[in-house]
Amino acid sequence: MSKHIKNPYRDLEGYNCFGCSPNNPFGLKLQFREEGDFLYTEWDPSSNYEGWFDVVHGGIQATLMDEIASWVVFLKADTAGVTRSMDIKYKKPVLVSDGIITIKAKLESINRNLADIKAELISNNIVKSEALIRYFLYDEKTAKESFLFPGKDHF
């Protein structure tokens, strides 16, 4: 069963996240849904995000996977965090002309204050790139005070 994830930050003054703010005119405007252990989002690329002709820039692919990983931290680790590292494998070109891309991610493990998240970028039912993303997790007080984390029940 799929559950739409609410963005609790969307109405905060000054909120302009490139990945998920609905108000950033240059942003990706990602919205998420949860299905079991996985989070999903879909994104329809345009030529504004090309690296080479008709190919989605590798940095944009990395951003898509990093953004969904942060939402995995919110919902599956019940805290906020920051990216510590990303190990990305670009397997096949992601073509703008192929249309909608699906990005999915899952929390693989938590070891103290580090979370490992696996993300995949899928186009035409083929995994085109994948990443293992390690996030540094903040304690509850820091997550609330510094990152305005409202708790996973507000998503």
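Listed values, structure above:
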{"read-out": "Boolean, Pro22 is outside any strand (DSSP E or B), buried (at least 16 other Cβ atoms within 10 Å of the Cβ) and more than 11 Å from the chain's Cα centre (by Cα)", "value": "no"}
{"read-out": "Lone unmet requirement of (1) in contact (Cβ under 8 Å) with a residue 60 or more places away in the chain; (2) closer than 26 Å to Tyr15 by Cβ for Ser129", "value": "(2)"}
{"read-out": "Positions within region 50-67 being surrounded by 14 or more Cβ atoms within 10 Å (Cβ to Cβ) and not in a strand (DSSP E or B), in sequence order", "value": "Asp54, His57, Gly58, Ile60, Gln61, Ala62, Thr63, Leu64, Met65, Asp66, Glu67"}
{"read-out": "Selection from region 89-110 of residues that are closer than 14 Å to Ile122 by Cα, part of a strand (DSSP E or B) and out of contact with any Phe, Trp or Tyr (no Cβ under 6 Å at 6 or more places or on another chain)", "value": "Lys89, Tyr90, Leu95, Thr102, Ile103, Ala105"}
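Read-outs: derived from the displayed coordinates by stated rules, not from any lab. Keep in mind that what you see is a predicted model, and the values were worked out from it rather than measured. Here Cβ is always computed from backbone atoms with ideal geometry, including for glycine, and neighbour counts include all displayed protein chains.
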